[in-house]
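First comes the structure, then the notes that go with it.
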Amino acid sequence: MPWQLRFAALATLAVVFAASTELRVAAQVVAPAPGRTPAELVPAPLPGQTGVLPRPLAPQPFAPQPPLSQLPVLQAPPPLDGNGQPNASLRAACPHPMPGDILQGPTYSDTGPPGLLPVGVVAPTDRPLPINLATALRLSNGRPLVIAAAQARVQIAAAQADKASVLWLPSANVGTAYIRHTGGIQSVTGDMVVDSTNSFIAGGSAVLRVATTDAYFEPLAARQILRARQIDTQTARNEALEQTAESYFNVQMARGTYAAMTDAMTKANDLVRRVQSLAGGLVAPDEIDRSRTLLAELEQSTQVARQQWRVASANLTRVLRLDPAAVVVPLEPDHLQVTVIAPEWPVDDLIPVGLMNRPELASHRAQVRATLIRLKREKMRPLMPSLLITGNGTPDFYFQGGIFGTGTGGSLNQWDGRGDVGAQAVWQLDNLGFGYRAKVREQQGEVELANVELFNVQDRVAAEVAQAKADVDSAAVRVGQAETGIKQGLSTYVGNLRGMGQTQRFGDVLTLINRPQEVVASLQQLQQAYVNYYRTVADFNRAQFRLFYALGFPAEQLACVRPLGPIEPVDTYRGPALPNVPLR
């Protein structure tokens, strides 16, 4: 090996060793000194929790990560049916539970509203799809498309990481080349020589053109991106569970509203019959018309409520990828209240939990680390050479050996074997250093942007926790108020209805104790009280799951570890127009 090539190889190894040493030193995580940590960034951990809050990273050190083989991989969920036996339609990943005192239960309320209404019944033309909340949440852990999209992004990032890890390897080439020259050419002495020559080569090569900065740093950055995409899969599962819960409680609310409207319509029919049966002198004709108008309004409202039930069902089946034409029939009562988060925890204690648990923050931190690695790459680029191992004899130096033929004129009459190998180590300073400085500034901007996005997610998480906690507290109070409203509405309606059947005499005039218009008004109030109650219960349940999502607890906690009831078999046939969901 020529001494120049030996020197270039030794210089390259020295630079790579220095860069790796500097990178290992920069990767060390230095614990903050006592009393130096800003309280607003790292609040004290809650009971049962350890560690401090991860903070947005500044463009200095980045934390080391485990090898790719040790990164968590979200596997396809195991199938289960209602008896715990294999069932291809129910798949969910069930990791170990997360410790903590924030989660409660989850528990169901065992009290029904005053004057509990019959459950709404689907129409004979509808196709019912019975399902309970626990089964819906189990399905949400594997079937929604948001999870499939996240898993596809993991596959893309893994392929990019594999590609980055083989930048050191040369590319194999096999082929042929033909070169013809006609006319003048300068000789080695500077004279013009007019000649006509041909050459042909058939062979192959192993060509390497790589910047050692890219070959060393890009796999590190790609691994951080892969880690971010794997964490995003957990984010997708959490989003799928939250969307499923929201859609499920929308169905319950719509069915409860339909039951309330059906009950009010039944009462209105009875009211019309009672008003018509009263003596002519006791009620005016407009009283009969008023009761009939109420009945017509309630009939329309009942149809709208049935429509809303079907619309809410279609949205839930879209999320879970079930039959879109089916009408979902929840197996739980419509007044069911689900408590997931312990209500006694104040919002000041819940916000740190969200900041520690939310996978979005972990994903963005990995992306910040990737930008820091790429910043280090640009800073090291002038110090680390590009390596070139090429051939000769063709314009792009693709061929390093093969069969070579040449000749003058139009003939190829001289043949022999040929081998050409060139090895180079090149240090480059782009655009006399100005291009290099621009690339460094550009990557510094990428680091700053990634940090800003991390801070933005951090602020959004804190706001979502506070908003969800406010929704939970408000809905908890309103549920009690709605129950009181039903009690008062029932009492008022029953009293007015009883009074409409009783008379009293003022002199020679016989009058009703309560006029029909008072019964009409009380029936409207009762119907609205039931609607408000079911809406408030749904608000409470949705707020509980929004708070669960905002706190960053993994979806598997409710889908697998702490199911909200038995897992029932469910029909996953999607109808003739849609394909079945593939098992993942």
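When each of GLU453, GLU378 is tested for being touching a residue at least 40 places away in the same chain (Cβ under 8 Å), in a helix (DSSP H, G or I), closer than 30 Å to MET356 by Cα and within 50 Å of the chain's Cα centre (by Cα), the lone residue that passes is GLU453. For the range 273-305, the tally of residues that are at pLDDT 90 or above and farther than 30 Å from PRO324 by Cα stands at 5.
Condition first: part of a loop (DSSP other than H, G, I, E, B) and under 30 Å from ALA206 (Cβ atoms). Can you find one or more residues in the range 345-353 that meet it? Among the residues of the range 345-353, not one is part of a loop (DSSP other than H, G, I, E, B) and under 30 Å from ALA206 (Cβ atoms), which makes the answer no. Among the residues of the range 100-109, is there at least one that is at pLDDT 70 or above, outside any helix (DSSP H, G or I), out of contact with any Gly (no Cβ under 8 Å at 6 or more places or on another chain) and of a type in the set (Val, Ile, Thr)? Within the range 100-109 (the criterion being at pLDDT 70 or above, outside any helix (DSSP H, G or I), out of contact with any Gly (no Cβ under 8 Å at 6 or more places or on another chain) and of a type in the set (Val, Ile, Thr)), the answer is yes, since at least one residue qualifies.
Kindly evaluate LEU336 against the criterion of being assigned to a loop (DSSP other than H, G, I, E, B) and under 23 Å from ALA236 (Cβ atoms). In short, no. Regarding the range 182-189, can at least one residue be identified that is touching a Ser or Thr at 6+ places or on another chain (Cβ under 7 Å) and small (Gly, Ala, Ser)? Looking for residues that are touching a Ser or Thr at 6+ places or on another chain (Cβ under 7 Å) and small (Gly, Ala, Ser), one finds none in the range 182-189, hence no.
Pairs linking a residue in the range 520-539 that is at negative phi to a residue that is acidic (Asp, Glu) and outside any helix (DSSP H, G or I), with Cβ atoms under 7 Å and 6 or more positions apart or on different chains, are TYR534/ASP334. For ARG365, the stated conditions hold: it is of a type outside the set (Gly, Ala, Ser) and modelled with pLDDT of 95 or more. Contact annotation: residue pairs with Cβ atoms under 7 Å, 6 or more positions apart or on different chains, pairing a residue in the range 168-197 that is outside any strand (DSSP E or B) with a partner that is of a type in the set (Val, Ile, Thr) and at pLDDT 85 or above, are TRP168/VAL210; PRO170/VAL207; PRO170/ILE389. For the range 407-436, a tally of residues being assigned to a helix (DSSP H, G or I), of a type in the set (Gly, Ala, Ser) and surrounded by 14 or more Cβ atoms within 10 Å (Cβ to Cβ) returns 0. Out of VAL465, VAL447, VAL461, one residue alone is under 16 Å from LEU375 (Cα atoms), in contact with a Leu (Cβ under 8 Å, 6 or more places away or on another chain) and in a helix (DSSP H, G or I). It is VAL447. Every listed requirement among (1) among the small types (Gly, Ala, Ser); (2) closer than 30 Å to ILE225 by Cα; (3) in contact with a Ser or Thr (Cβ under 6 Å, 6 or more places away or on another chain) is met by ALA482 save one, (2).
Evaluated against (1) surrounded by fewer than 22 Cβ atoms within 10 Å (Cβ to Cβ); (2) in contact (Cβ under 8 Å) with a residue 24 or more places away in the chain, ARG369 falls short on exactly one condition, (1). Output the number of residues of the range 437-448 satisfying the condition of being touching a residue at least 40 places away in the same chain (Cβ under 8 Å), surrounded by fewer than 17 Cβ atoms within 10 Å (Cβ to Cβ) and of a type in the set (A, V, I, L, M, F, W, C). Total satisfying the criteria: 1. So is ALA543 in a helix (DSSP H, G or I), modelled with pLDDT of 95 or more, crowded, with 16+ Cβ neighbours inside 10 Å and within 23 Å of the chain's Cα centre (by Cα) or not? Here the answer is yes, as ALA543 does meet what is asked. Is the range 288-304 home to any residue that is touching a residue at least 40 places away in the same chain (Cβ under 8 Å) and within 19 Å of PRO124 (Cβ to Cβ)? Yes: the range 288-304 contains one or more residues that are touching a residue at least 40 places away in the same chain (Cβ under 8 Å) and within 19 Å of PRO124 (Cβ to Cβ). For the range 268-283, the criterion of being crowded, with 23+ Cβ neighbours inside 10 Å, in contact (Cβ under 8 Å) with a residue 24 or more places away in the chain, touching a strand residue (DSSP E or B) at 6+ places or on another chain (Cβ under 6 Å) and not in a helix (DSSP H, G or I) is satisfied by no residue at all. Checked against (1) under 41 Å from the mean Cα position of the chain (by Cα); (2) modelled with pLDDT under 95; (3) not small (Gly, Ala, Ser), ASN315 passes all but a single condition, namely (2).
Applying a threshold of 8 Å to beta carbon distances and a minimum spacing of six or more residues, or different chains, the list of pairs starting in the range 468-496 at a residue that is within 30 Å of VAL353 (Cα to Cα) and ending at one that is β-branched (Val, Ile, Thr) and surrounded by 14 or more Cβ atoms within 10 Å (Cβ to Cβ) reads LYS469/VAL347; ALA470/VAL347; VAL472/ILE341; ALA475/THR536; ARG478/THR536; VAL479/THR536; VAL479/VAL537. The set of residues from the range 284-314 being polar (S, T, N, Q), within 30 Å of GLN243 (Cβ to Cβ) and surrounded by fewer than 15 Cβ atoms within 10 Å (Cβ to Cβ) comprises GLN303, GLN307.
The values are calculated or read from the model by the stated rules, or taken from the named source; none is laboratory data. These numbers come from a predicted model, not from an experiment. Cβ atoms come from the backbone with ideal geometry, glycine included; neighbour counts cover every protein chain shown.
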